[in-house]
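One structure is given below, encoded as structure tokens.
The values are calculated or read from the model by the stated rules, or taken from the named source; none is laboratory data. Nothing here was measured: the structure is a model prediction, and the numbers come from that model. Reconstructed Cβ throughout: ideal geometry from the backbone, glycine too, with neighbour counts over all protein chains shown. Side chains included, ligands, DNA and RNA excluded: accessible areas come from the protein's heavy atoms. Shrake-Rupley method; radii C 1.70, N 1.55, O 1.52, S 1.80 Å.
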Amino acid sequence: MRWSKTLIPTMKETPEGAEVPSHVLMLRAGLVSQLMAGAYTFLPLGVRSLHKAMRIVREEMDAAGAVEVEMPCLTPINLWEQTGRVEAFGDVLIQLSVKRQGKQVRMALGPTHEEPVTDLASRYLTSYRQLPITLYQITHKFRNEERPRFGVLRTSEFLMKDAYSFNDSLESLNASYQAMYDAYCKIFTRCGLDFVPVEAESGPIGGDASHEFMIPATNGEDTVLRCPMCNYGANVEKAAIGLRHNKKSEAEPKEICKIPTPHAGSIEAVSKMLKCKPHQLIKTLIYMVDDQPMAILVRGDHEVNENKIRHVLKASKVELADPATILRVTGAPVGFAGPVGLKEAIPVWADEDIRDMVNVYTGANEADMHLGRVNPGRDFEPTGYGDFRNAAAGDGCPRCTSGILEEVKAIEVGHVFKLGTKYTDALSATFIDTEEKIRPIIMGCYGIGVTRILAGLIEISNDQHGIVWPMSLAPYEVVVTPVNVSDEAMRAASEKLYGELKTLGVEVLYDDRDARAGVKFKDADLIGFPLRVVVGKMLEQGKLELKWRWAESSEELDVTGAAQKIAAMVMEEKRTGAKFAARKR
């Protein structure tokens with residue numbers, strides 16, 4: 001392709017509103033253009049890289065035995081109502097109503113496709129002989145993001161690969177899950193990503209086991225906890241806590257006392273008023289656990305983890321109690337609950353860190369009042385102890401005995417779930433087993449944010465000049481740059497090299513613009529083409545200048561046989577990715 005015949009609107013300055021490197025560079029390099037908040041047009045260079053990512057995903061999915069389908073983005077709302085996800089997604093689910101034959105027909109734009117694919121399975125997968133099978137697609141998803149931001153990392157419309165396995169047993173599900181897990185590792189490795197698989201919660205999709213594939217990045221919106229000793233990793237919602245490092249105070253328990261705390265209903269306000277630290281308080285939160293009120297206690301500097309409540313108490317539904325319930329159970333408004341003197345005899349569950357607290361502060365179950373010198377075991381006895389809080393940096397690793405968890409910011413690019421029968425039960429997707437009994441199909445779900453692959457790569461692979469692409473995702477592998485297109489010899493040599501490289505199968509962009517060499521070099525570095533070939537003054541000595549994007553210096557190359565040598569270099573780098581991988585060493 002000739003530069004003058006395509007659309008590459010590069011920018012010198014940082015666009016207004018662009019904050020993170022991937023957003024800035026995708027705009028400046030002319031990969032995308034913003035249409036509105038949360039919606040982007042992919043321009044020619046961006047499309048080429050996006051298609052490369054799609055091709056890698058498709059090749060590895062096919063190699064893992066998955067079968068491609070293409071489902072509509074428009075879905076009937078009744079499918080979502082049957083699974084209860086109209087409420088679960090809330091405003092994120094984009095709903096619309098259209099008039100057909102005088103009637104209003106309600107629909108939803110698919111934020112994901114569990115419902116449509118399960119409906120498909122219910123129609124055609126009826127026997128164990130058809131199982132297992134994994135169906136996948138690469139298509140657009142739609143989510144009404146409250147705050148679209150960070151370019152294509154958080155948008156209302158995005159390209160996603162989603163796959164769904166249908167199995168007749170847990171053993172079969174485990175095999176399908178492992179096949180997808182392994183395929184994901186191959187996909188992200190081929191894309192040049194430094195990724196980390198971590199344990200994760202399933203969230204609104206459901207299921208009982210999942211892993212996220214994360215790219216550690218300074219501007220990541222997710223928080224991952226990792227152990228440097230054993231490589232255990234999990235997101236904050238999932239991370240368990242190993243050995244607690246608390247030491248019971250040797251101070252003597254003192255007599256409990258009541259302390260006025262007018263208008264101080266938050267941990268911050270109470271700490272300030274009582275001149276104490278948050279870790280010296282017990283935070284008491286009233287939850288509805290399967291519609292029954294319960295008190296959950298954590299230290300004042302910790303956050304309750306609702307997923308852990310669900311797991312420890314084997315509950316299906318966990319939500320904070322409403323103010324009226326809190327008033328009835330505690331006798332006080334929100335912010336003044338405590339484990340001592342509750343008005344109703346409800347279960348009181350405490351995080352393990354509460355066990356060794358001495359002479360601490362709690363709410364007094366009375367408006368504008370707190371208790372001081374409260375001691376667990378003396379002033380109240382919890383129903384039981386457990387892991388009810390978010391893990392944090394400094395906690396012990398749950399997998400090994402010596403590791404300490406570290407906090408890492410990260411970008412999620414993939415997620416795999418074991419769904420079980422959540423959707424097949426709701427949508428009556430059953431099969432006849434070997435004993436001719438009707439059973440629900442067991443499902444797995446596997447998603448990759450294809451647009452996130454590009455943004456995530458750029459987020460971690462850039463320098464002061466621009467993007468640094470691996471050969472596998474670069475919009476073009478080689479850019480041929482004549483220093484002066486008005487020079488007949490330079491132009492002729494460039495044209496010849498450009499033609500030969502195309503014939504040899506190299507993806508090459510010919511910068512035929514009548515512009516200063518410095519402008520061309522800056523644009524090439526901004527966009528990040530892996531290999532730049534300069535046709536300049538050294539042509540008189542029969543030489544070309546060749547520079548890898550990540551190299552500090554250039555090298556000379558004989559004009560004779562140059563196309564064949566460059567094609568061989570490109571082929572080797574495409575095969576191994578060795579030069580790109582070694583760029584940081």
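Quick notes on this one:
- Counting residues in segment 241-256 that are closer than 30 Å to ALA332 by Cα, open to solvent by 30 Å² or more (accessible area, probe 1.4 Å) and among the aliphatic types (A, V, I, L, M) gives one or more.
- VAL508 vs. criteria aliphatic (A, V, I, L, M) and open to solvent by 30 Å² or more (accessible area, probe 1.4 Å): no
- Test result for GLY335, touching a residue at least 12 places away in the same chain (Cβ under 8 Å) and either open to solvent by 20 Å² or more (accessible area, probe 1.4 Å) or within 28 Å of ALA240 (Cβ to Cβ) (or both): yes
- Considering segment 398-467, the qualifying strands (runs of 3 or more DSSP E), each wholly inside and each with 2 or more residues that are within 20 Å of the chain's Cα centre (by Cα), run over 406-420, 442-449.
- Qualifying residue in segment 538-555 (condition: open to solvent by 50 Å² or more (accessible area, probe 1.4 Å), hydrophobic (A, V, I, L, M, F, W, C) and without any contact (Cβ under 8 Å) to a residue 24 or more places away in the chain): yes
- Wholly within segment 335-397, strands (runs of 3 or more DSSP E) carrying at least 1 residues that are over 26 Å from GLU250 (Cα atoms): 369-374
- Considering residues of segment 293-321 that are within 24 Å of the chain's Cα centre (by Cα) and among the basic types (Lys, Arg) only, the residue most open to solvent (accessible area, probe 1.4 Å): ARG310
- Total residues in segment 474-505 satisfying the condition of being closer than 21 Å to HIS51 by Cα, crowded, with 24+ Cβ neighbours inside 10 Å and either free of Cβ contacts under 8 Å to residues at least 60 places away in the same chain or in contact with a Ser or Thr (Cβ under 8 Å, 6 or more places away or on another chain) (or both): the figure is 3.
- Only one of the listed residues (ALA269, ALA324) is free of Cβ contacts under 8 Å to residues at least 12 places away in the same chain and open to solvent by 60 Å² or more (accessible area, probe 1.4 Å). That residue is ALA324.
- Given (1) out of contact with any strand residue (DSSP E or B) (no Cβ under 7 Å at 6 or more places or on another chain); (2) part of a strand (DSSP E or B), number of the condition VAL519 does not satisfy: (2)
- Of all residues in segment 256-276, none satisfies being part of a loop (DSSP other than H, G, I, E, B), touching a Lys or Arg at 6+ places or on another chain (Cβ under 7 Å) and over 20 Å from PHE336 (Cα atoms).
- The C-beta contact set for segment 234-256 (first residue of a type in the set (S, T, N, Q), second residue in a loop (DSSP other than H, G, I, E, B) and at pLDDT 85 or above, distance under 9 angstrom, 6+ apart or interchain) comprises ASN235/ALA200; ASN246/ARG355; ASN246/ASP356; ASN246/MET357; SER249/ASP356; SER249/MET357; SER249/VAL358; SER249/ASN359.
- Residues located in segment 1-27, provided they are open to solvent by 50 Å² or more (accessible area, probe 1.4 Å) and touching a residue at least 40 places away in the same chain (Cβ under 8 Å): MET1, ARG2, SER4, GLU19
- Qualifying positions in segment 107-158 - open to solvent by 10 Å² or more (accessible area, probe 1.4 Å), assigned to a strand (DSSP E or B), within 20 Å of VAL413 (Cα to Cα) and not β-branched (Val, Ile, Thr): LEU135, HIS140, PHE142, ARG149, ARG154, GLU157, PHE158
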